[in-house]
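The block underneath contains the structure these notes are about, expressed in C-alpha cells.
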Amino acid sequence: AAKRDGRERVCVFDGAMDESQRFRQVIEGGLRRAIAEGELSLHYQPIVERDDLKTVGFEALLRWNSPESGPISPAIFIPIAEESGLIDDLGEWVVDHALKDCAGWPDLFVSINFSPRQFKRANFVEWLDARVAHAQVAPRNVQIEITETAIFEDTSWAADVLRELQAKGYRIALDDFGTGYSSLFNIKNFSLNCLKIDKSFIEGLGHDRHSAAIVSSVIHLARALGLYIIAEGVETDEQCQVLRLTGCSHMQGFLFGKPANAAETADQVQSLPEVPEPGQRPAAIGG
Ligand code: C2E
Ligand code: MG
Ligand code: MG
Ligand code: MG
C-alpha cells in the first residue's frame, strides 16, 4: 500500500507540473495574440496629495481581456511575459499608450511600471527618452516604477541608469517597498524620488501595531531623505487619517478612485480643479 501511495504522489506531482507548464504556454500564446488583436488596455488609478486630496498623477495598470477567458490579472500574466521575453513588446505597448494618454491630460504625471527585464535592456534611457520626446510629454510628468529586484542584481549599473534618468527630470519610484529586500543601502545609494509603501502595510493600519510602526518609520525616513511617499491600497477613511497624521505626502487606493479606462480618465481630468505647478508639488512634502 505504501508503495502504491508513493507512486500516486509522484503521478500527482508530474501532473501538476504538466498543468502549470500548459497554463504558461496558453497564456504566452494568448498574450502574443493579445498585442496584435487589441485585447490589451490601460487603466489609470489616481494618486492624490495629502493636503487637499487633489489628483497629481495616475498609475497606468495593464488590463488583458481575453475573448476565451475574460479578464486575466497582470499579477498572473506579467511574470509569464517577463520569463518568455514577451515583456519587451508588451512594455513598449504600455509605454507608448501611457504616454499618448498622458499627453492629453493637463499637467499631471503618469506612473508606469517597469519589470526588471525591461529596465535592464541596453540603452534603456535613450529608448525611453525617444518615446517620451515623440509623445511630447515632459519627463517630469513621467514616473518610473521599479522594484528592488530590478536594481539589486547589478547595482552599479542600475545606479548609473537611475542617476541619468533623474538628471533628465524623470521621477523614480521604488514600488512595493517593504516586500522585497527593502535594503537601506538601496535607498541611500540610488537616485530615487519616491517610495511606494506596499498595501500589505496599509491594510494593517488601525488594528495592527506593527504595521503602524513600520509605516510611520518609513514615512519619517523618506521625509528625512527628501523623498515623497505614495501609500498604496488606501481603502478606508481611518487609514487615510492615520497616514495624514503621520505625514505621508501622497496616497493611492480605492478610497480615492479605482483604476478606470482611458476615456473615463480623460473625463475625470477635465473636471479636476487647476493645480498650480503640480510637477513641483511632490517635492514639497510635509507641511
Ligand atoms: P502594483 O504596481 O503594485 O499596482 C498596484 C495594484 O494594487 C494594482 O493591481 C491596483 O489595481 C491594486 N490596488 C490599487 N488600489 C487598491 C486598493 O485600495 N485595494 C486593493 N486591494 N488593491 C488596490 P493590478 O492592477 O492587478 O496590478 C498588479 C500588479 O501587476 C502591479 O502591482 C504591477 O506589479 C503589475 N503590473 C500592472 N500593470 C503593469 C505594467 O504595465 N507593466 C508591468 N511591468 N507590470 C504591471
Ligand atoms: Mg506599481
Ligand atoms: Mg505597487
Ligand atoms: Mg503592490
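The values are calculated or read from the model by the stated rules, or taken from the named source; none is laboratory data. This is a predicted model, so every value here is computed, not measured. Because the Cβ atoms are built from the backbone with ideal geometry, glycine has one as well, and the counts that use them run over all protein chains shown. Just so you know, the surface numbers come from the protein's heavy atoms only, side chains and all, with ligands and any DNA or RNA stripped out. Shrake-Rupley method; radii C 1.70, N 1.55, O 1.52, S 1.80 Å.
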Exercise. Does the range 176-196 hold any residues that are within 14 Å of ligand 3 (Cβ to nearest atom) and either loosely packed, with under 15 Cβ neighbours inside 10 Å or at pLDDT below 90 (or both), and which are they?
Worked result: GLY178, THR179, GLY180, SER182
Exercise. Hey, does the range 247-270 have a residue that's within 20 Å of PHE201 (Cα to Cα) and in a helix (DSSP H, G or I)?
Worked result: no
For this session: Being touching a residue at least 60 places away in the same chain (Cβ under 8 Å) and assigned to a loop (DSSP other than H, G, I, E, B) is the filter; apply it to the range 26-70 and report the residue that is most open to solvent (accessible area, probe 1.4 Å).
Result: ASP51
Exercise. Can you pull out the residues in the range 113-127 that are part of a helix (DSSP H, G or I) and open to solvent by 50 Å² or more (accessible area, probe 1.4 Å)?
Worked result: ARG117, GLU126
For this session: State whether one or more residues within the range 135-147 are in contact with a Leu (Cβ under 6 Å, 6 or more places away or on another chain) and either of a type in the set (S, T, N, Q) or open to solvent by less than 60 Å² (accessible area, probe 1.4 Å) (or both).
Result: yes
Exercise. In this structure, is LEU205 open to solvent by less than 30 Å² (accessible area, probe 1.4 Å) and over 20 Å from the mean Cα position of the chain (by Cα)?
Worked result: yes
Exercise. Limited to the range 164-203, what total is found for residues that are in a loop (DSSP other than H, G, I, E, B) and within 13 Å of ligand 1 (Cβ to nearest atom)?
Worked result: 4
Problem set entry | Condition broken by ASP154, with the remaining ones in (1) in contact with a strand residue (DSSP E or B) (Cβ under 8 Å, 6 or more places away or on another chain); (2) exposed (fewer than 14 other Cβ atoms within 10 Å of the Cβ) satisfied | (1)
Exercise. Mind checking which residues of the range 85-112 are touching a residue at least 40 places away in the same chain (Cβ under 8 Å), buried (at least 17 other Cβ atoms within 10 Å of the Cβ) and closer than 15 Å to GLY29 by Cα?
Worked result: LEU86, LEU90
For this session: Look at the range 74-122 and say how many of its residues are at positive phi and of a type in the set (A, V, I, L, M, F, W, C).
Result: 0
Exercise. So which of SER211, SER200, SER216 is open to solvent by less than 70 Å² (accessible area, probe 1.4 Å), within 13 Å of ligand 3 (Cβ to nearest atom) and touching a Ser or Thr at 6+ places or on another chain (Cβ under 9 Å)?
Worked result: SER200
